[in-house]
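Engineer: Take this structure, written in structure tokens, and hold onto it; I'll ask about it next.
The values are calculated or read from the model by the stated rules, or taken from the named source; none is laboratory data. Predicted model, so just to flag it, every value in this text is computed and none were measured. FYI the Cβ positions are ideal-geometry reconstructions off the backbone, even for glycines, and counts take in every protein chain you see.
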């Protein structure tokens with residue numbers, strides 16, 4: 001696998017499977033993630049699949065996901 005760098009074109013990252021939340025809507029407004037060969041995670045916007053990918057280490061993703069589970073970002077979502 002070639003070197004993966006932050007901000008590179010997401011479609012240039014070879015050998016990955018992009019996935020999204022089951023809660024994503026069918027109109028394509030999704031955040032997609034792919035596990036990299038080094039254990040890091042690439043993140044892209046499904047509406048701009050060939051746009052830039054943000055690259056995070058495994059530890060950064062663990063901290064983010066744990067924060068989401070703990071409610072750290074609940075203020076970003078409208079409550080019904």
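Engineer: Answer yes or no as to whether residue 53 is surrounded by 13 or more Cβ atoms within 10 Å (Cβ to Cβ), touching a helix residue (DSSP H, G or I) at 6+ places or on another chain (Cβ under 7 Å) and modelled with pLDDT under 95.
Structural biologist: Against the criterion (surrounded by 13 or more Cβ atoms within 10 Å (Cβ to Cβ), touching a helix residue (DSSP H, G or I) at 6+ places or on another chain (Cβ under 7 Å) and modelled with pLDDT under 95), residue 53 does not qualify.
Listed here are the residues, each with its yes/no results for (1) in contact with a strand residue (DSSP E or B) (Cβ under 7 Å, 6 or more places away or on another chain); (2) surrounded by fewer than 11 Cβ atoms within 10 Å (Cβ to Cβ).
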position: 11; (1), (2): no, no
position: 23; (1), (2): no, yes
position: 33; (1), (2): yes, no
position: 49; (1), (2): no, no
